Amino acid sequence: MITRHFGIPVTSPGAILRRERDLGTPLGLETAEVLQSGGLVSDKIIIELIEDWLRLHGGHGFVFDGFPRTLPQAESLMSMLTKLRTALDVAIWLEVSEETVRDRITGRLQCAECGFTTSASSAQFANRPVCPYCDGRLERRNDDDLGVLQTRLQEFHTKTEPLGNFYKKLSILHRVDGNRDRDVVFADISRLIEDKTAK
Ligand SMILES: [Zn+2]
């Protein structure tokens, strides 16, 4: 949505890793296994991938979604940006309750063949649960994913929460309530980005 609206390239470690997996690179295949079992990919790998991406696409602004997630990642990003002679304009902290996360996971459909995920409430797929990319069957994967959720929540509390302070000290932190409708959240985020790009 952000790319369409602002013409700013957006990436996430997940998107980069999916691409690596689809290309069948050794790194892509290895990390796919880790992610499947709910683990986190090491900081070192994530940082390398982000640095490559920045060099290729980050020349005229960029948005990271789900990065950095740990203090070492945040610190590496700082030094990458210093090297590129740029800085972060804004850090958006999307606050989402555990309940919201659980609702969204149980309302998710995933393609049994290629792993494409979508929301079960998406009108397009409600009647005909077939993957738009490979015609695979879209199914719910509640139990697995809720187990993975516990691991992720742990990781979040120990590794990600400290980032709030890190960016607060840099005076670029904005908290956005992510429990509301997608469009309302997007409007808030858009306003923050607009403020920065208008300068
Ligand atoms: Zn598929």
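Take the alpha carbon gyration tensor of region 1-124, find the square roots of its eigenvalues, order them as a ≥ b ≥ c, and report rounded if a/c is under 1.5; if not, report prolate when a/b exceeds b/c, else oblate.
Numbers: a/c = 1.67, a/b = 1.35, b/c = 1.23.
Prolate, because a/c is 1.5 or more and a/b exceeds b/c.
Tell me, what is the percent relative contact order of region 45-134, built from C-alpha pairs under 8 Å that lie six or more residues apart? It would help to have the intermediate numbers written out before the result.
On the way: 34 pairs, mean separation 13.6, N = 90.
Relative contact order here is 15 percent.
Which shape class, rounded, prolate or oblate, goes with region 51-98 when its Cα gyration tensor gives a ≥ b ≥ c as root eigenvalues, a/c under 1.5 marks rounded, and past that a/b bigger than b/c marks prolate?
Working: a/c = 2.10, a/b = 1.70, b/c = 1.23.
Note, shape of region 51-98 comes out prolate.
Remind me, relative contact order of the chain in percent, using alpha carbon pairs under 8 angstrom and six or more residues apart?
On the way: 189 pairs, mean separation 44.6, N = 199.
Relative contact order here is 22 percent.
Can you tell me the 0 to 90 degree angle between the C-alpha axis of helix 142-155 and the longest principal axis of the chain, rounded to 10?
The angle comes out near 20 degrees.
What angle, in degrees between 0 and 90 and rounded to the nearest 10, separates the Cα long axis of helix 43-57 from the longest principal axis of the Cα atoms of the chain?
For helix 43-57, the angle is close to 70 degrees.
List the lysines whose Cα lies under 24 Å from the Cα of Lys196, skipping any in the same chain that are fewer than 8 positions away.
Qualifying lysines at Cα under 24 Å: Lys83, Lys168, Lys169.
Using a Gaussian network model on the chain with a 10 Å cutoff between Cα atoms, which of Leu77, Leu23, Leu146 fluctuates the most?
Leu23
Angle, helix 26-36 long axis vs. longest principal axis of the chain, Cα atoms, 0 to 90°, nearest 10?
It works out to around 70 degrees.
Normalised by the number of residues in region 87-172, what is the relative contact order in percent for Cα pairs under 8 Å and 6+ residues apart?
Numbers: 67 pairs, mean separation 26.1, N = 86.
Rounded, it is 30 percent for region 87-172.
What is the distance in Å between the Cα centroid of region 145-184 and that of region 81-117?
9
Please compute the length gained on full extension between Phe186 and Glu48, using 0.36 nm multiplied by the number of residues separating them and subtracting their Cα-Cα distance. The partial results should precede the final answer.
On the way: separation 138, 0.36 × 138 = 49.68 nm, distance 2.89 nm.
Roughly 46.8 nm would be gained on extension.
I'd like the distance separating the alpha-carbon centroids of region 23-40 and region 50-71, in whole Å.
So the two Cα centres are separated by 20 Å.
Would you calculate a helix-derived [θ] at 222 nm for the chain, using -39,500 (n - 2.57) for each DSSP H run of n ≥ 4 and dividing by the full residue count, to the nearest 500?
Working: 10 runs with 105 residues, N = 199.
Value at 222 nm, helices only: -15500 deg cm²/dmol.
Express the accessible area of region 1-131 per residue in Å², computed with a 1.4 Å probe while the remaining protein chains stay in the model. The partial results should precede the final answer.
On the way: 8040 Å² over 131 residues.
So region 1-131 comes to 61 Å² accessible per residue, rounded to a whole number.
If you roll a 1.4 angstrom probe over the protein chains with everything in place, what fraction of the accessible area of region 1-154 belongs to carbon and sulfur, to the nearest %? Numbers along the way, then the final one.
On the way: 4760 of 9710 Å².
Using a 1.4 Å probe with all protein chains present, region 1-154 comes out at 49 percent carbon and sulfur.
How many nm is it between the label spots at Glu161 and Ser37, if each spot is 7 Å from the Cα in line with the beta carbon?
Simple spin-label model gives 2.7 nm for this pair.
So how strong a dipole does the chain carry about its Cα centre when Lys and Arg Cβ are +1 and Asp and Glu Cβ are -1, to the nearest 20 debye? Don't skip to the end; give the middle numbers.
On the way: 26 positive and 29 negative charges, 99 e Å.
My answer is approximately 480 debye.
Computed FRET efficiency, Cβ-Cβ of Thr117 and Asp195, R0 35 Å: what is it to the nearest 0.05? Present the calculation step by step, with values, prior to reporting the outcome.
Details: r = 32 Å, r/R0 = 0.90.
Efficiency, rounded to the nearest 0.05: 0.65.
Taking 0.36 nm per intervening residue step and subtracting the Cα-Cα distance, what contour gain separates Thr25 from Leu173 on full extension?
Working: separation 148, 0.36 × 148 = 53.28 nm, distance 3.57 nm.
Full-extension gain reported as 49.7 nm.
Considering the options Leu71, Gln154, Cys131, tell which one lies farthest towards the positive end of the dipole of the chain, charges being +1 on Lys and Arg and -1 on Asp and Glu at the Cβ, about the Cα centre.
Projecting each Cα onto the dipole axis, the largest value belongs to Leu71.
The values are calculated or read from the model by the stated rules, or taken from the named source; none is laboratory data. This one's a predicted model, so the numbers in the text were calculated from it and none came from an experiment. Note that we place each Cβ from the backbone using ideal geometry, even for glycine, and neighbour counts take in every protein chain shown. Please note that ligands, DNA and RNA were not included when accessible areas were found on the heavy atoms of the full protein model with its side chains. Shrake-Rupley method; radii C 1.70, N 1.55, O 1.52, S 1.80 Å.
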